[in-house]
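Colleague: Below are the structure tokens for one structure; questions will follow.
FYI, it's all coordinate maths here, none of it is from the lab. Computed from a prediction, not measured in an experiment: that's the story for all the values here. With ideal geometry, Cβ positions are generated from the backbone for all residues, glycine too; neighbour counts draw on all protein chains shown.
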Amino acid sequence: MALTLIKEDGTGKPDANAYADVADGDAYHEGHLYAAAWTAADAGRKAAALVMATRLVDAEFQFNGFKRSPSQALQWPRFDCPDPDANASALVGLLWRASNFVPSDSVPKGVVDATCEMARELQVADRTAAPPGEGLKYQNIGTTQTGYDKSDRRPVITRVVQAMLSKYGSLVDGGSGVVRLVRA
């Protein structure tokens, strides 16, 4: 059975499975220096990468605000997610408040672009696979010994994608117990 990519358009679709479609990915990668993995893929592989990237973004990030509808399939669209790029310095009162948040009927371009970037990275390597040497401290093969640092792990979500998404929420890592406080 072929994959059907269903792009979230800001309406809170209950069957959406991606924040970007192949056309979005193609447009994003036009200006990318390292787009070879993306441009070499066929449309079916690109669609699968975008769906997988969306799953990982939703699983690994806690976005600010609240889901628009309990029936929507993905984390976006959202209510009350501050828009750090809003130019609200000249606005006052209720108009300022409304313009200071991502519109609740959209998926921010930053989320779409981050999904496209993550989809390219997934075509380069399986970022969900266990790292080499997981569970080992040292590996001996003949006269060669290899040591593994358990704290040095490649993140599932790349650092670039984390940076792209950080304005809308924070990575869920379960590590320090520190949470990001956002005041409205």
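Colleague: Spin-label point model (7 Å from Cα, Cβ direction): what's the residue 125 to residue 167 distance in nm?
Modeller: The modelled label-to-label distance comes out at 2.8 nm.
Colleague: Return the sequence-ordered ³J(HN,Hα) values of the stretch 67-75 in whole Hz as given by the Karplus equation 6.51 cos²θ - 1.76 cosθ + 1.60 applied to θ = phi - 60°, using x for Gly and Pro.
Modeller: These are the phi-based 3J(HN,Hα) values: 4, 5, 9, x, 8, 6, 7, 10, 6 Hz.
Colleague: Taking the Cβ-Cβ separation of residue 69 and residue 143 as r and a Förster radius of 45 Å, what is the calculated FRET efficiency to the nearest 0.05?
Modeller: 0.15
Colleague: Residue 101's amide H: which non-local residues (gap 5+, or another chain) put their own amide H closer than 5 Å, with H modeled 1.01 Å from N in plane and none for Pro or chain starts?
Modeller: 83
Colleague: Still on this structure, please answer the following. At a 10 Å Cβ-Cβ cut-off, how would you order 116, 81, fewest neighbours first?
Modeller: Exposure proxy ranking, most exposed first: 81, 116.
Colleague: Just in the stretch 1-90: which chymotrypsin sites (Phe, Trp or Tyr not before Pro) are loop by DSSP and have at most 13 other Cβ atoms within 10 Å?
Modeller: For chymotrypsin sites (Phe, Trp or Tyr not before Pro) across the stretch 1-90 that sit outside H, G, I, E and B with at most 13 neighbouring Cβ atoms in 10 Å, the list reads 34.
Colleague: Related question: Taking the Cβ of each residue in 159, 78 as the centre, tally the other Cβ atoms inside 10 Å and list the residues starting with the fewest.
Modeller: Least to most surrounded, the residues fall as 159, 78.
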